Amino acid sequence: MNELKNDRFLRACLRQEVDRTPVWMMRQAGRYLPEYRTTRQRAGGFLKLCKTPELACEVTLQPVDILGVDAAILFSDILVVPEAMGMELTFGAGEGPKFPQPVSSRADVDALPVPDPEAELGYVMQAVETIQRGLAGRVPLIGFSGSPWTLATYMVEGGGSKNYAKIKGMAYNEPAVMHALLEKLADAVAAYLNAQIAHGVQAVQIFDTWGGILSTRDYKEFSLQYMQRIIEQLNRESRGRRVPVILYTKGGMGWLEAIADSGCDVVGLDWTIDIDMARQRIGHKVALQGNMDPAMLYARPERIRQEVKDILARFGHGSGHVFNLGHGITPDVPVEHAKAFITAVQQESCRYHG
Ligand code: CP3
């Protein structure tokens, strides 16, 4: 693998000195970019795009080339893991993901295999290698997975959900079945992330998008516990460098101390907390990633810059901050606004370093 020319993202994750604050965006390869929509069309659909390494590489590199972000994120989806466990997965045009045959019983859980990532998710590993050749050391590559709880939510609900009736029904009525599913998913995710690391990703992020729907006690029991179990199994060093682990729980800002104690290197923040508060609470233990409201990208570029300056000032001097949005960029954001965001972080953050 090529030597890294820009490692400020990896350095900030480990709270090592940097010249300026690194920045990338969750969902940075996506529909807000016309180039993405063109490549997806050529692939013939979203899942085909995920499964064609050359095209997955193309869309991974687009935000690096177009916006100048400091990290690339593997183009894939969290739901390829349940698919690799044998569940049929569809992404209808304009709809969210669907599992037509959701998991609902002990027998369903027992029938799910823990997939061999090299065999069942080999196309992801090929994508990682193709992307690393394409990046040629320009910026680090982030791998990712969904958290067991978030994956289970889709697998049990059969898709997105409003009230989480089925998954919470399982957690409260059949806790043993719920735990059996989460245990299996934790082992599947750990093997999957270790395979991504072996093939060349330089950091990993666990997306716990639905951890925030739980009560405090249930979050620890059904979500955090299993992310911890994954982190314990991960290879934290590869090619002579530490592989940082980022843990992002949307809606989890009440639990920052517990998240910071999970063994992760970086805590991902949503936009509902002021970053100075988060730094006070846990910034001496871990780095922080975030946390501009993604909807701020609908505002004018001058307003975006003002918000970036405010967040930088709140974090203050020193390393340990990876600038990002508090959740993914939405499809109808003007590209010029995304560019204005990235440029503002790059220009305004130097004064807080060195
Ligand atoms: O960040 C990146 O650029 C990497 C790619 C990435 C995608 N999904 C591509 C994608 C990542 C990291 C994900 C993670 C993901 N997928 C999460 C966790 C993060 C989050 O947003 O909370 C979740 C919950 C999913 C499941 C998922 N995939 C949903 C609910 C949807 C439909 C909603 C939507 O935005 O359309 C997807 C589809 C999806 N995943 C798209 C992309 C670019 C849009 C598909 C398209 O091109 O039509």
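The values are calculated or read from the model by the stated rules, or taken from the named source; none is laboratory data. Since the model is a prediction, treat every value here as computed from it, not as a measurement. All Cβ positions, even for glycine, are placed from backbone atoms using ideal geometry, and neighbour counts span all protein chains on display. These accessible areas exclude ligands, DNA and RNA; they are computed on the full protein's heavy atoms, side chains included. Shrake-Rupley method; radii C 1.70, N 1.55, O 1.52, S 1.80 Å.
A few notes on this one:
- Estimated inter-spin distance, Ala258 and Ala93, nm [label 7 Å along Cα→Cβ]: 4.4 nm
- Heavy atoms of Phe46: accessible area, 1.4 Å probe, square angstrom to 10: 40 Å²
- Semi-axis lengths (Å, descending) of the ellipsoid that matches the C-alpha gyration tensor of region 129-244: 31, 14, 11
- Between 0 and 90°, nearest 10: helix 335-348 axis offset from the chain longest Cα axis: 60 degrees
- For Ser238, the residues whose modelled amide H falls within less than 5 Å of its own, excluding neighbours fewer than 5 places apart on the same chain, are Val243.
- Inter-label distance for Arg303 and Glu183, nm, one decimal - labels placed 7 Å from Cα along Cα-to-Cβ: 5.1 nm
- Lysine pairs within the chain, Cα separation less than 25 Å, 8 or more sequence positions apart or different chains: 26
- Cys350 accessible area, 1.4 Å probe, all protein chains in place, Å² to nearest 10: 70 Å²
- Full-extension gain in nm, Arg239 to Met277, via 0.36 nm per residue minus C-alpha separation: 10.2 nm
- Applying 1/(1 + (r/R0)^6) with R0 = 22 Å to the Cβ-Cβ distance of Asp116 and Asp65 gives a FRET efficiency near 0.05.
- Accessible surface comparison of Trp210, Trp271, probe 1.4 Å, protein chains only, largest first: the order is Trp271, Trp210.
- nm² value of the averaged projected area, convex hull over the Cα atoms of region 1-106: 9.6 nm²
- Degrees separating the helix 53-67 axis from the principal Cα axis of the chain, which is the longest one: 30 degrees
- Rounded to the nearest 20 debye, dipole of the chain from Cβ charges on Lys, Arg, Asp, Glu: 700 debye
- The Rg/Rh ratio of region 8-352, with Rg taken over Cα atoms and Rh as the Kirkwood radius over Cα pairs, comes to 0.94.
- Our estimate of slack between Tyr164 and Ser215, defined as 0.36 nm per intervening residue step minus the Cα-Cα distance, is 17.0 nm.
- With the simple model of a label 7 Å out from the Cα in the direction of the Cβ, Asp293 to Glu17 spans 3.7 nm.
- For region 232-238, the Karplus equation 6.51 cos²θ - 1.76 cosθ + 1.60, evaluated at θ = phi - 60°, returns couplings of 4, 8, 7, 7, 8, 9, 8 Hz by residue, with Gly and Pro reported as x.
- Cα centroid of region 240-277 to Cα centroid of region 1-71, whole Å: 21 Å
- When the charge dipole of the chain is built from unit charges on Cβ atoms (+1 for Lys and Arg, -1 for Asp and Glu) and taken about the Cα centre, the candidate among Phe99, Pro334, Ile197 whose Cα reaches farthest toward its positive end is Pro334.
- Averaged over its residues, the chain has an accessible area of 39 Å² per residue, based on protein heavy atoms and a 1.4 Å probe.
- For the chain, the relative contact order is 23 percent, taking Cα pairs closer than 8 Å that sit 6 or more residues apart in sequence and dividing their mean separation by the residue count.
- Within the chain, longest stretch free of exposed trypsin sites (Lys or Arg not before Pro) [DSSP loop, at most 11 other beta carbons within 10 Å]: 6-161
- Neighbourhood net charge (12 Å Cβ-Cβ; Lys/Arg +1, Asp/Glu -1) for Thr130: -2
- Rg over Rh, two decimals, region 211-354 (C-alpha only, Kirkwood Rh): 0.99
- Put simply, the amide H of Gln205, placed in the peptide plane, has neighbours under 5 Å in Gly143, Phe144, Ser145, Ile246, leaving out anything fewer than 5 places away on its chain.
- Relative contact order, whole percent, for region 223-279 stands at 35, derived from Cα pairs under 8 Å and 6 or more residues apart.
- Report summary: the helix-based calculation at 222 nm, which adds -39500 (n - 2.57) for every DSSP H run with n ≥ 4 and divides by the residues of the chain, gives -13500 deg cm²/dmol.
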